[in-house]
1. Picking from 98, 86, which residue would you name as being in contact with a strand residue (DSSP E or B) (Cβ under 6 Å, 6 or more places away or on another chain), in a strand (DSSP E or B) and surrounded by 17 or more Cβ atoms within 10 Å (Cβ to Cβ)?
2. Against the condition buried (at least 19 other Cβ atoms within 10 Å of the Cβ) and modelled with pLDDT of 85 or more, how does residue 177 come out, does it pass?
3. Scan the range 145-169 for residues that are in contact (Cβ under 8 Å) with a residue 12 or more places away in the chain, among the small types (Gly, Ala, Ser) and closer than 21 Å to residue 95 by Cβ and jot them down.
4. Could you tell me which of the residues 113, 85, 56 is modelled with pLDDT of 90 or more, out of contact with any Cys (no Cβ under 7 Å at 6 or more places or on another chain) and of a type outside the set (A, V, I, L, M)?
Amino acid sequence: MASSSPFPQVDFCIALLGSGGVGKTSLLKTFLGQTFDEDHLPTVDDYYVHTLLVDGRHFTICFVDTAGSYSFPVMRKLALTMSHGFIVVYALDDMRSFVEATSIMDQISELKGKGLDSVPVVLVGNKLDIDMSNRKVSPQKAHEAFATLCRLEGQYLETSVKTNWRVEKAFSEVIGTLIYKAKAKERQTWKARLSRRKKRLAKRRKFKETENHGECNLM
């Protein structure tokens, strides 16, 4: 990451975005192995650094836990700009949080979708443990909202932090995509370097052959 970033130097930065009270912090803390707290206080933007061992290699990841409201617009803009992947969360019993989640995905698509690569995003419908009669957003509606954003790469998942249902999957989807892309980029870089090295060696051989041929003509 660039030195101007307020976040630490890491391999990847993943932002959790969504309305206040939808369970972003609890989702993250559950993934990191911390205790779920039903009396959790609203978050002021914070970050957590975590190291994962994948295929014998360590990856350091910064998880940016954003405030749900727009009280800190600068930090939210930084999170959108500096992050490599996103987990956008809404509550299944709160239609307004779903509307905000779709708005956030629009912002991500607009800001990050201008590059050549699609952006890894998981849309999370949290609080699956609620009484289904209180549900305000159907799975079909959520899938349709995600499908309209073609520049975003990922999927829609429903989770329950309270029962720890699919919490790990929400994170592993984004992390796995980022690691795959990083390894693919490394392979491309290695192949490009190898190709340049072969070209340099070929030029040297050709130059040497030309020199030797000239020496033979002088004899």
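1. None of the others qualify; the one that does is 86.
2. yes
3. Scanning the range 145-169 gives 145, 160.
4. Among 113, 85, 56, only 85 is modelled with pLDDT of 90 or more, out of contact with any Cys (no Cβ under 7 Å at 6 or more places or on another chain) and of a type outside the set (A, V, I, L, M).
The values are calculated or read from the model by the stated rules, or taken from the named source; none is laboratory data. Please read all numbers here as calculations on a predicted model, not as lab measurements. All Cβ positions, even for glycine, are placed from backbone atoms using ideal geometry, and neighbour counts span all protein chains on display.
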